[in-house]
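Engineer: First the structure, then my questions, so here it is.
The values are calculated or read from the model by the stated rules, or taken from the named source; none is laboratory data. Note that the structure is predicted; figures quoted are calculated from it, not measured. Neighbour counts are summed over all protein chains in view; Cβ atoms, including those assigned to glycine, are modelled from backbone coordinates with ideal geometry. Each accessible area value is taken on the protein alone, full model and side chains, heavy atoms only, with ligands, DNA and RNA left out. Shrake-Rupley method; radii C 1.70, N 1.55, O 1.52, S 1.80 Å.
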Amino acid sequence: MAKTRSPSASSPSSASSASTPAAPPSPPPGATSPTRATKAGLRTAPHGSAPLSPPRVEHVLGSFLATVSGPATPPADEEDGEHLDPGEVPGFVPASAAQRKLVLSKTLVQRGSARMSANPNKAAEHGEANALQPRQGEHAQPLPDDEASGSTRSEENDSEKVGDGRPHSGHNPLAGTLDRVRVDSRGRMLTTNQGVPVADNQNSLKAGLRGPTLLEDFILREKITQFDHERIPERVVHARGSGAFGVFECYDSQEQITRADLFGKAGKQTPVFVRFSTVAGERGSADTVRDTRGFAVKFYTEQGNWDLVGNNMPVFFIQDAMKFPDLIHAVKPEPHNGMPQAASAHDTFWDFISLMPESIHHTLWAMSDRGIPRSYRTMQGFGVHTYKLVNAAGEAVFVKFHWLPTAGTHSMVWDEAAKICGADADFHRRDLWEAIETGLYPQWELAFQVFSAEQAATFSFDVLDATKLIPEELVPLRVVGKMTLDRNPDNFFAETEQAAFCTAHIVPGIDFSNDPLLQGRIHSYLDTQISRLGGPNFHEIAVNAPIAQVHNNQRDGMHRQAIHRGRVAYEPNSLGGGCPHQAGMAGFVSTARRMAPLSESASEIEKLRGKPEKFADHFSQAQLFWRSQTAVEQRHIVDAFRFELTRLTVPAIRERVVSQLLNVDARLARGVADGIGIALPTPQPLAIEELGLAPVMSEVEASAGLSLFARPGNVRCAGRRVALLVADGADATALREVQRRLAEADAVPRVVGMRLGRVLCSQGQPIEIETTVESLPSVLWDAVVLPQGDGQNDAGLSALAADPDVQDFIKQQYRHGKPILAAGRHGRDMLVKAGVPLKLAGDRPDPGLVLDEGQADSGSDEFIAAVGRHRQHEREG
Ligand code: HEM
């Protein structure tokens with residue numbers, strides 16, 4: 001008698017209704033195993049051959065063989081989990097192996113279903129107790145026999161394509177590592193998408209060598225069709241971006257405040273994918289425009305994916321999702337002429353901003369040097385909204401998330417950023433890629449600001465207002481772990497472009513607050529990704545799939561990849577043993593009802609459209625931000641407003657912006673008004689005054705952490721690009737020495753000349769030019785070393801010093817505050833020819849200008865220290 005296969009071959013050995021069955025390991029991709037039929041001895045005759053034993057068909061057997069109207073009499077109940085031999089099913093004598101299988105599976109299905117006589121959870125779905133503490137779904141221990149759960153009795157008929165038919169009980173291989181989809185073509189022939197080898201990839205199929213191309217050419221048509229559809233819609237915002245994989249490591253258990261497993265214990269590592277972006281520009285726009293930067297992190301946790309979709313600024317322009325389309329329509333290229341690209345310096349943006357006083361705080365951040373970061377590696381990140389952390393006991397606290405770059409916070413100067421748009425539109429993308437390729441892995445620490453609802457009620461601002469931040473002096477940062485980005489993607493489109501971040505991707509232990517901006521975002525991302533990524537199944541795209549198992553009854557739709565066994569796609573069910581069953585308290589439990597209300601006011605409970613009163617204070621934090629900036633930063637903010645407003649075509653909008661700035665700071669407004677040549681207008685009316693509310697006083701006069709200079713970082717000159725200018729006659733020993741010293745300090749020194757090739761240095765030593773002043777102009781370098789002569793051949797260095805491009809190069813290095821090492825007489829000569837002053841105003845020494853008069857590398861230490869400080873803002877004053 002044929003037996004069903006052994007339970008140990010494919011089913012978990014045990015699973016109880018109280019626990020979630022662990023997934024067995026999946027076989028390695030492409031692994032083959034002996035066919036199941038052979039192993040189980042079940043298939044003893046080929047398809048369509050005669051029955052193996054004389055038929056002893058009972059009159060009810062037909063009911064088992066049909067797909068409608070099953071047998072009237074259920075087989076006797078047997079103990080769960082016991083193996084069934086169809087020959088032992090009372091009253092049925094199958095005539096063939098196929099019939100045996102049918103009898104077996106239908107009998108098992110009936111038994112499984114009979115184990116659930118009713119839905120025992122139904123009553124418990126009602127009332128408050130369940131709402132606060134949902135139960136685990138009713139489910140039975142899985143039957144050990146695969147026949148009870150499969151879609152078809154024919155699943156054992158194996159092939160190279162359908163596999164061995166051995167179901168991997170409780171396992172979804174779409175979740176997990178990317179190895180399962182990574183393609184490597186080494187040693188392979190070129191094929192079509194159908195796997196057919198392509199004999200000739202050079203020529204289309206023609207009617208004769210000089211004849212027309214034939215429609216029959218399926219290879220050409222497939223290739224061109226795929227190409228025609230290579231592009232997908234870009235993101236409606238944040239279209240320009242770049243990403244990398246890495247890992248987040250938890251420093252200490254945070255289980256007292258959150259049950260999120262990634263914060264569960266010290267040393268716990270969680271894989272991440274991060275995408276940085278600009279907001280306004282299109283996909284092909286330049287990296288270094290003035291804009292807010294996106295900072296989106298996808299944590300692949302064991303409890304599912306958590307996306308912390310944040311920005312590099314801790315506040316946002318608006319308070320309510322209702323205004324997001326207006327904001328974006330205002331900042332995007334103007335609809336009549338499609339200009340300007342990736343820039344806020346145009347009428348519609350400032351028209352909107354000047355009528356939305358709540359946006360002034362974020363606008364100050366965007367006009368500050370935060371809007372032109374030096375590198376993704378030197379940006380802070382912020383979750384912006386208030387979120388909640390929830391522990392195992394269901395107790396919730398409020399939290400704000402902060403990313404702190406270990407490389408410190410550093411920015412560009414505007415002239416440099418604008419020039420880089422032309423010199424290297426991929427500046428930030430390249431910087432991130434190169435840093436990872438060269439092992440200088442970018443790192444950020446994650447910090448929480450944790451506070452209670454009671455504390456929040458005492459703040460001068462509303463923590464649900466995304467235009468407000470919480471000064472670190474009020475709630476200190478608690479550093480909880482570190483993220484390291486150490487893996488570039490293999491394929492930009494497959495991984496970065498198809499990545500789908502969403503604020504709704506959240507895990508047990510973290511929860512939303514009622515921030516009305518956040519609430520809108522929870523809807524927006526999934527909605528937009530359905531059209532951007534071509535349907536609802538983009539969660540199956542490899543980069544988006546979690547490493548946690550995915551099991552639910554969602555089915556079908558465009559591009560579905562998961563092939564679900566069985567016929568159960570609903571819950572409750574008895575035919576699938578109740579699975580997948582709801583997780584109860586092991587799952588995500590919304591905690592909104594557990595939070596104490598922030599106030600007892602009626603507006604907390606009525607259904608209405610409006611804002612809490614504290615949202616009406618639009619200026620106190622903009623003032624705080626302004627006061628917290630250094631003089632250099634304040635000057636840059638004024639300059640940025642001047643630049644942006646100068647480009648407007650409507651004078652009334654300029655005036656309205658200045659009238660709003662008057663509510664922030666008179667000096668700021670005066671500086672901008674002077675810059676655009678207008679008289680100071682009257683300040684805009686204050687909403688709080690019109691509402692009769694008391695003026696809001698910020699709890700702190702200034703907050704140190706709001707200045708970029710507060711976090712210089714600890715990586716010194718790692719990754720900084722240093723140009724070593726050379727020409728014939730340069731001192732090779734000095735050059736090599738400074739090159740060695742910079743490399744030791746993890747900087748990236750490169751020999752730069754007028755054109756590729758070699759120069760002849762001292763004692764006839766040839767030095768290879770790596771790149772040129774023309775192809776990598778000054779703005780792409782963080783510092784420059786001007787060559788020392790060998791004292792014999794002055795002609796080459798004199799020509800270098802006289803070259804207008806070289807003079808521009810040096811002048812810009814100086815103007816942009818970059819360290820310069822000028823070695824010997826020739827170095828000094830080049831500075832003078834470029835018009836660089838050797839002292840700061842008031843005859844003060846310039847700490848970024850190292851005049852190395854002595855031996856080969858006597859100035860190296862001082863120069864390396866200056867490179868570590870990044871920029872000499874003293875030159876501006
Ligand atoms: C109601 C307000 C907002 C709405 C409706 C909204 C909507 C969107 C949409 C539709 C996308 C494109 C998503 C895609 O195609 O995959 C997007 C991307 C993004 N948004 Fe928002 N957004 C809002 C506010 C914010 C805020 C406040 C932040 C920062 C805290 C933010 C950060 C981001 C980031 C970082 C991305 C890019 C994600 C990626 O790299 O793929 N958004 N947003």
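Engineer: Test of the criteria: in region 802-876, which GluC sites (Glu not before Pro) are in a DSSP loop and have at most 16 other Cβ atoms within 10 angstrom of their Cβ?
Structural biologist: Sites meeting the loop and neighbour criteria: Glu853.
Engineer: For a protection proxy built on the mean count of beta-carbon atoms within 10 angstrom, sort 376-383, 435-442, 315-322 highest first, please.
Structural biologist: Top of the packing list down: 376-383, 315-322, 435-442.
Engineer: Report the accessible area of Val632, computed with a 1.4 Å probe over the heavy atoms of all protein chains in place, in Å² rounded to the nearest 10.
Structural biologist: In the full protein context, Val632 sits at about 20 Å².
Engineer: Find out how many positive minus negative residues lie around Gly705, taking Lys and Arg as positive, Asp and Glu as negative, among other residues whose Cβ is under 9 Å from that of Gly705.
Structural biologist: Neighbourhood net charge equals -1.
Engineer: Also, I was wondering about something else. HN-Hα J couplings of region 303-308 from phi, Karplus 6.51/-1.76/1.60, θ = phi - 60°, integer Hz, Gly and Pro as x?
Structural biologist: So the J values, rounded to whole Hz, are 9, x, 7, 10, 9, 9.
Engineer: As a test of reading the structure, rank His618, His523 by solvent-accessible area (1.4 Å probe, protein chains only), most first.
Structural biologist: So the residues, ranked largest to smallest area, are His523, His618.
Engineer: Hey, what do the phi angles of region 809-823 turn into as Karplus ³J(HN,Hα) couplings, whole Hz, using 6.51/-1.76/1.60 and θ = phi - 60°, x for Gly and Pro?
Structural biologist: Here the 3J(HN,Hα) series is 4, 5, 4, 5, 4, 5, 4, 8, x, 8, x, 10, 9, 10, 9 Hz.
Engineer: Sticking with this one: What net charge is computed for the residues neighbouring Val297, neighbours being all others with C-beta under 11 Å from the C-beta of Val297, Lys and Arg scored +1, Asp and Glu -1?
Structural biologist: +1
Engineer: Going by a ≥ b ≥ c, the root eigenvalues of the Cα gyration tensor, does region 668-721 fall in the rounded group (a/c under 1.5), the prolate group (a/b larger than b/c) or the oblate group?
Structural biologist: In terms of gyration-tensor shape, oblate.
Engineer: With every protein chain kept in the model, how would you rank His636, His428 by accessible area, 1.4 Å probe, largest at the top?
Structural biologist: Final ranking, largest accessible area leading: His636, His428.
Engineer: Ok, one more. Could you give the angle, 0 to 90 degrees to the nearest 10, between helix 427-437's Cα long axis and the longest principal axis of the Cα atoms of the chain?
Structural biologist: Helix 427-437 and the main axis of the chain meet at about 60 degrees.
Engineer: What shape does region 366-450 have by the C-alpha gyration tensor, where a ≥ b ≥ c are the square roots of the eigenvalues, rounded means a/c under 1.5, and otherwise prolate means a/b greater than b/c and oblate the rest?
Structural biologist: prolate
Engineer: A further question on this structure: Whole Å is fine, so just give me how far the alpha carbon centre of region 663-732 lies from that of region 336-408.
Structural biologist: Computed from Cα coordinates, the inter-centre distance equals 15 Å.
Engineer: Take the alpha-carbon centre of region 139-170, take the same for region 805-877, and report the distance between them in whole Å.
Structural biologist: If you average the Cα positions of each part, the centres end up 73 Å apart.
Engineer: Turning to a different aspect of this structure: Translational diffusion coefficient of region 384-533 at 37 °C, 0.692 mPa s, Stokes-Einstein with Kirkwood Rh over Cα pairs, in µm²/s as a whole number.
Structural biologist: 177
Engineer: With an 8 Å cut-off on Cα pairs and a minimum separation of 6 or more residues, tell me the relative contact order of the chain in percent.
Structural biologist: Contact order relative to length: 11 percent.
Engineer: A further question follows. What's the angle, to the nearest 10 degrees (0 to 90), between helix 651-661's Cα axis and the longest principal axis of the chain?
Structural biologist: Roughly 80 degrees, rounded to the nearest 10.
Engineer: For Lys323, tell me the accessible area in Å² from a 1.4 Å probe, rounded to the nearest 10.
Structural biologist: 60
Engineer: So who's got an amide H within less than 5 Å of the one on Val309, skipping anything under 5 residues away but keeping other chains? H placed 1.01 Å off N, in plane.
Structural biologist: The answer is Val297.
Engineer: Rounded, prolate or oblate: which fits region 737-877 when a ≥ b ≥ c are the square roots of the eigenvalues of the alpha-carbon gyration tensor, with rounded for a/c under 1.5 and prolate only if a/b beats b/c?
Structural biologist: Rounded, because the longest to shortest axis ratio a/c is under 1.5.
Engineer: Please sort 106-117, 218-229 by packing, taking for each peptide the average over its residues of neighbouring beta carbons within 10 angstrom, highest first.
Structural biologist: Order by mean packing, descending: 106-117, 218-229.
Engineer: From the backbone phi of region 356-365, what are the Karplus-calculated ³J(HN,Hα) couplings (6.51 cos²θ - 1.76 cosθ + 1.60, θ = phi - 60°) in whole Hz, Gly and Pro given as x?
Structural biologist: 10, x, 5, 7, 5, 4, 4, 4, 4, 4
Engineer: Measure nothing but the geometry: give the 0 to 90° angle between the long axis through the Cα atoms of 414-423 and the longest principal axis through the Cα atoms of the chain, rounded to 10°.
Structural biologist: Helix 414-423 and the main axis of the chain meet at about 60 degrees.
Engineer: What is the packing order of peptides 730-741, 490-501, taking the mean over residues of other C-beta atoms within 10 Å and listing the highest first?
Structural biologist: 730-741, 490-501
Engineer: Just name one of Leu693, Leu708, Gln623: the one whose Cα is farthest towards the positive end of the charge dipole of region 621-760 (beta-carbon charges, Lys/Arg +1, Asp/Glu -1).
Structural biologist: Going by the Cα projections, it comes out as Leu708.
Engineer: Sorted by accessible area with a 1.4 angstrom probe, largest first, how do Lys468, Lys833, Lys268 fall?
Structural biologist: Largest accessible area first, the residues go Lys833, Lys268, Lys468.
Engineer: With a 1.4 Å probe and every protein chain kept in, tell me what percent of the accessible surface of the chain is carbon plus sulfur.
Structural biologist: That fraction is 54 percent.
Engineer: In square nanometres, what is the average projected area of the Cα convex hull of the chain?
Structural biologist: With the hull built on Cα positions only, its mean projection is 48.8 nm².
Engineer: Still on this model: Measuring with a 1.4 Å probe in the full set of protein chains, what accessible area per residue, in whole Å², belongs to the chain?
Structural biologist: For the chain, the per-residue accessible area is 46 Å².
Engineer: Along the positive direction of the dipole of region 184-338 (beta-carbon charges: Lys, Arg +1; Asp, Glu -1; about the Cα centre), which of Asn312, Val279, Phe227 reaches farthest?
Structural biologist: The residue sitting most towards the positive pole is Phe227.
Engineer: Let me ask another. With the cut-off at 27 Å, tell me which of the pairs Lys468/Lys607; Lys101/Lys161; Lys161/Lys298; Lys419/Lys818; Lys323/Lys419; Lys323/Lys388 have Cα atoms farther apart than that.
Structural biologist: Pairs exceeding the cut-off: Lys161/Lys298; Lys323/Lys419.
Engineer: Here is a further query. Net charge near Gly677: determine it from the other residues with C-beta under 11 Å of the C-beta of Gly677, scoring Lys and Arg +1 and Asp and Glu -1.
Structural biologist: +1
Engineer: While we're here: Using a cut-off of 14 Å between alpha-carbon atoms, which aspartates and glutamates can reach Lys206, once sequence neighbours fewer than 8 places away in the same chain are excluded?
Structural biologist: Filter leaves Glu216, Asp217.
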